[in-house]
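See structure below.
The values are calculated or read from the model by the stated rules, or taken from the named source; none is laboratory data. On a predicted model such as this, the values are computed, not experimentally measured, just so you know. With ideal geometry, Cβ positions are generated from the backbone for all residues, glycine too; neighbour counts draw on all protein chains shown. Accessible surface areas use protein heavy atoms only, side chains included; no ligands, DNA or RNA. Shrake-Rupley method; radii C 1.70, N 1.55, O 1.52, S 1.80 Å.
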Amino acid sequence: MTVGPVYLDHAATTPMRPEAVAAMLPYLIEHFGNPSGSHSVARRAKQALEDARDEAAAALGCRPRELVFTAGGTESDNLAIAGVISRRAGRAVCAESEHHGVLHTVTALGGVVVPVDAMGLIDFDALSSVLAHGDVAVVSVMLANNETGMIQPLERVIHEVRRVAPDAVVHTDAVQAFLWLDVATMAADVDLVAISGHKFGGPKGVGALVVREGTLLAPTIHGGGQESDRRSGTHNLAGIVAMAAAMTATVAQRTATVARVGGLRDRLVDSLLTNIPDAIETGDRSQKIAGNAHLRFPGVESESLLFLLDEAGICASAGSACASGAIEPSHVLTAMGISDDEARGSLRLSLGSTTTDEDIDLALKAIPDVVSRLRGT
Ligand code: PLP
């Protein structure tokens with residue numbers, strides 16, 4: 001039985017897994033120590049930190065010492081890009097469809113933004129010509145897009161960077177990918193990999209960056225020298241322990257979750273395309289993560305659509321969540337060549353590991369009705 005609203009905004013944030021909550025509680029209560037200290041309470045905390053590091057490293061396929069704990073995906077992206085640029089000459093490069101955590105970091109550092117094709121995938125001719133310029137220090141291409149769910153051909157990106165600019169470092173924002181994709185394998189040859197706890201059942205405000213051995217990186221947060229001097233600040237121990245537990249659960253359940261939720265997503269999208277005239281699916285479903293449904297309804301404003309859906313008990317989104325709450329045409333969709341008008345009529349329904357058949361039934365009852373009301377049909 002679904003109680004409360006139907007939550008289809010898991011790409012914005014997804015509920016904490018029970019395993020993560022259970023793992024976290026002792027570190028909020030009795031084991032509250034600061035892992036940087038030296039007495040017994042601190043040593044207990046330090047042990048938990050290093051156990052969590054081992055656990056998270058296993059889930060990401062890296063060495064424990066290659067893992068830097070941060071306060072989330074945005075910080076990990078900033079650390080990756082700005083951290084490389086502070087250590088070496090050269091420019092930062094990213095795709096136009098990146099999350100703002102990457103895009104704004106690259107542009108703030110005077111970097112280069114490479115266009116994407118109609119599917120939102122990086123334009124390889126443009127990437128190669130930027131790389132051939134010879135002054136590229138870091139290339140950042142996300143694994144899965146937060147709005148469209150499209151999976152970038154990361155292996156081809158790595159191949160191209162190694163071929164044309166072998167000294168450049170590759171970063172991937174795997175924040176939306178970790179719940180659905182085998183990041184350990186897909187990003188095995190990537191130098192820097194960012195994840196965020198609250199996208200896969202861990203808490204908000206905690207994340208990690210994989211920094212492969214030999215990758216030169218300067219800290220962006222200076223202070224007490226925690227995380228082997230790569231990220232200062234007292235550890236969010238309870239958050240880190242919970243994130244590691246969520247990672248283990250995610251990896252253990254991933255194959256089953258992808259199969260089950262992918263089936264729900266297909267039923268949802270197929271039915272909406274059949275029942276809503278002129279509905280358009282964004283991207284190519286065969287190249288998307290299993291939890292993403294993205295549609296456009298020409299003639300409809302997403303702001304009104306989201307308002308009426310909320311009233312009907314469906315929580316959805318027009319694109320990425322942003323602090324202002326204002327709905328601008330999405331930079332991801334416009335980069336794909338979709339007109340502002342059409343981009344304004346977009347709806348992202350993002351499913352998660354707690355999404356049920358009943359959620360989909362309720363969404364399928366509400367959405368066609370609301371679109372038809374808005375169109376006056
Ligand atoms: N990167 C991507 C692709 C995201 O979807 C998000 C969050 O929406 C972030 C980075 C930022 O992560 P955080 O919310 O942990 O700062």
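General observations
- Restricting V258, V269 to residues that are modelled with pLDDT of 95 or more and closer than 25 Å to E19 by Cβ narrows the list to V258.
- Selection status of D270, assigned to a helix (DSSP H, G or I), open to solvent by 40 Å² or more (accessible area, probe 1.4 Å) and acidic (D, E): yes
- One residue stands out in region 284-320 among those that are open to solvent by 20 Å² or more (accessible area, probe 1.4 Å) and within 17 Å of L143 (Cα to Cα): the one that is nearest to the chain's Cα centre (by Cα), namely S320.
- Test: V183 is away from the ligand (no atom under 16 Å from the Cβ), on the phi < 0 side of the Ramachandran plot and buried (at least 24 other Cβ atoms within 10 Å of the Cβ): no
- Some residue of region 210-224 being within 16 Å of the ligand (Cβ to nearest atom), within 19 Å of the chain's Cα centre (by Cα) and not in a helix (DSSP H, G or I): yes
- Among the residues of this structure, L67 does not count as one that is hydrophobic (A, V, I, L, M, F, W, C) and within 11 Å of the ligand (Cβ to nearest atom).
- Residue within region 134-152 that is farther than 26 Å from G197 by Cβ, surrounded by fewer than 20 Cβ atoms within 10 Å (Cβ to Cβ), more than 12 Å from the ligand (Cβ to nearest atom) and over 22 Å from the mean Cα position of the chain (by Cα) present: yes
- Of all residues in region 275-289, those being closer than 20 Å to E342 by Cβ and either of a type in the set (A, V, I, L, M) or assigned to a helix (DSSP H, G or I) (or both) number 5.
- Residue in region 236-249 that is part of a loop (DSSP other than H, G, I, E, B) and at pLDDT 95 or above present: yes
- Unmet criterion (only one of (1) open to solvent by 20 Å² or more (accessible area, probe 1.4 Å); (2) more than 26 Å from A256 (Cβ to Cβ); (3) in a helix (DSSP H, G or I)) for D167: (3)
- Helices (runs of 4 or more DSSP H) (entirely within region 1-89) containing at least 3 residues that are farther than 30 Å from V138 by Cβ: 18-28, 40-60
- Residues located in region 333-371, provided they are part of a helix (DSSP H, G or I) and among the β-branched types (V, I, T): T334, I360, I367, V370, V371
- Restricting attention to region 86-102 and to residues that are open to solvent by 20 Å² or more (accessible area, probe 1.4 Å) and closer than 23 Å to G283 by Cβ, the residue that is nearest to the ligand (Cβ to nearest atom) turns out to be H99.
- Count of residues meeting criterion [in contact (Cβ under 8 Å) with a residue 40 or more places away in the chain, under 12 Å from V170 (Cβ atoms) and surrounded by fewer than 24 Cβ atoms within 10 Å (Cβ to Cβ)] in region 189-221: 2
- Residue in region 113-127 that is buried (at least 24 other Cβ atoms within 10 Å of the Cβ), of a type in the set (F, W, Y) and either at pLDDT 95 or above or within 30 Å of A244 (Cα to Cα) (or both) present: no
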